[in-house]
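The structure appears below as structure tokens.
The values are calculated or read from the model by the stated rules, or taken from the named source; none is laboratory data. Fair warning: this is a prediction, and the values are worked out from it, not measured in the lab. Cβ sites come from the backbone with ideal geometry, for glycine too, and all protein chains shown count toward neighbours. The area values use the complete protein model at the heavy-atom level, side chains included, leaving out ligands, DNA and RNA. Shrake-Rupley method; radii C 1.70, N 1.55, O 1.52, S 1.80 Å.
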Amino acid sequence: MKQAKINKINWFVFASVVFLITAAIVSYFFFDSYVSGKIFDTHRELDESFVAKLIKPLGKTYVPLWLVFVLGFLKKRIEIILIGAIALLLVLAVVSPEKMIFDRQRPNLYFANQTKSQLGEKTEKAKSYFFGLHKPLNQSFPSGDTATIFAVVAAATSFVPGFPFVVLLLAAFAVGFLRVIGLAHYPSDVLVGAALGIICGRIAILICEKWLEKNKFPLGAGWRSIAVVGIFLIPSLDVMSKGFKDLYIFSLSSVLLAGCFCLAMAIQQMLNKSTKLL
């Protein structure tokens, strides 16, 4: 990648992170409670449509990781898999400790407890495990799902062209939007999650590029065999953790994003050919 393009991407990433963090601070002080409270008061399952159920898995580790393995295998580029995997590992290393440190109650539990308290009913506490610490899944700040999908999108900046990248970006925004309207997170949780994801994705690119500059991947061409194992292993792990029922949604969600991505790639190629003819 040319240095001028790298510098342009770095400036865009920096500006995006600054904007997201600023927006998160503003939202935390002025909009979080109002927005989530209004959604809670509607008593609607706004994130339970079939399309929403297909978008939700894109924020879980299994689907983005599987798509990274498939894309790396098809494009015959090991760095795609390495960058995507490193980005997701960084998200895991950053988000879970932050959830336990900030210990922010999810809006669905907070507003439900507010209602119960007004009615004189017993409020519900977040589940806990050893040493009294709360499980990260019961805590709101930051949004792990949003960080996960934005990390993959940020990682994709090094190998995905313009129009297909927009498709990935829209998918990331959709995941964040659903986390808010589903009352799993406040807007500021999602904004910070997006910023963290972008940072993790860019760091993964730098780590991978520096390592591959000095070292050749040890397995040579044999890495594609590992990619095939990963393509079949990842859905199997998903089934083991969530059951066969989730495999149906996993498959449809993956096919939906992969289909949109391939369509965007085809459109991008047509646009490139048209530009050359002109």
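Can you pick out the pairs among Lys53/Lys210; Lys53/Lys99; Lys75/Lys273 whose Cα atoms lie more than 32 Å from each other? Lys53/Lys210, as the Cα separations exceed 32 Å there. Neighbours of Ser16 by Cβ distance under 14 Å: Lys/Arg scored +1, Asp/Glu scored -1, total +2.
Spin-label pair Ile9-Arg224: with each label point 7 Å from Cα along the Cα-Cβ axis, the two points sit 2.4 nm from one another. Extension gain for the segment Leu170 to Leu271, taken as residue separation times 0.36 nm less the Cα-Cα distance, is 34.4 nm to one decimal. A simple packing score, the average count of other Cβ atoms within 10 Å per residue, orders the peptides 10-23, 150-163 as 150-163, 10-23, with the highest score first. Expressed as a whole percent, the accessible area of segment 150-208 that falls on carbon and sulfur atoms is 88 (1.4 Å probe).
The radius of gyration of the Cα set in segment 223-268, together with its Dmax, comes out at 13.2, 38 angstrom.
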